[in-house]
Amino acid sequence: MKTTLTSSALACSLLLSACGGGSDNNDSAAQTPAAHTNTIQSISGTAAVGSPLANAQITVKNIQGQVVKTFQTDANGGFSNINLDNAAAPLLLEARGVANDAPQLLHSVASANGVVNITPLTEAIVTLASGKDAGSCFVTAGDCAPTLTADALRQSQANLKAALATLSQTLQLEDKSDWIATSFKPNKTGHDKLLELVDIAAGDQAGTLIIRSKLGGNTVDVSR
């Protein structure tokens, strides 16, 4: 069964029956990605899908669509204090690697100095905020990056959190954590466990997603 959601009807619509009970209350004022700054000096973060993207290739593009940095993650999918020489923000990131014996291609967005994770959840946020597939957004970064405004990222993350509220509560995740900019470890707990238990696929319309919990329940269409 598939449920189609608008942003106003999102919070109570995902039935994750195998997760047990739990409130579907979600903090709509949750912490969100920082507002865009003009430049970014350095970033740190984790690339993971429930398992780390070890030794993954990371490519960073600036707001003009120019490649400004390439580097590799470590054995735990992490990277730290990557110098970007004040690259023009927002930046789009792409991670190419292998996890769970399968190739992985993920994307994210950096709006300020500090942590920027690259996960299926950040892939989803970029898709919702840009209104197009995150991979296409990265390819056309010069056109797409400027659309990733603070408001677009905030609304997109809020809608995604609402769709996953029951599962997040089951895993005792902090509602106010920022799925792009809050650091985590790929250790099969908390945020990393959420990555492991969620399937996110492209929806029927551009910029929409289909979300399914691996614990069971309905699929849900999500849009910004």
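Screening the candidates Ala75, Ala47, Ala29 for the property of being outside any strand (DSSP E or B) and modelled with pLDDT of 95 or more yields one hit, Ala75.
Cβ separations smaller than 6 Å between residues 6+ apart or across chains give no pair from the range 73-91 residues that are free of Cβ contacts under 8 Å to residues at least 12 places away in the same chain and of a type in the set (Gly, Ala, Ser) to residues that are part of a strand (DSSP E or B) and surrounded by 22 or more Cβ atoms within 10 Å (Cβ to Cβ). Hey, can you tell me all the residues within the range 78-101 that are outside any strand (DSSP E or B) and under 16 Å from Val116 (Cβ atoms)? Listed by number, the residues that qualify are Ala89, Pro90. The set of residues from the range 157-204 being among the aliphatic types (A, V, I, L, M) and within 17 Å of Val109 (Cβ to Cβ) comprises Ala158, Leu160, Ile180, Ala181, Ile200.
The values are calculated or read from the model by the stated rules, or taken from the named source; none is laboratory data. Bear in mind the structure is a predicted one, so any value in this text is a computation, not a measurement. Because the Cβ atoms are built from the backbone with ideal geometry, glycine has one as well, and the counts that use them run over all protein chains shown.
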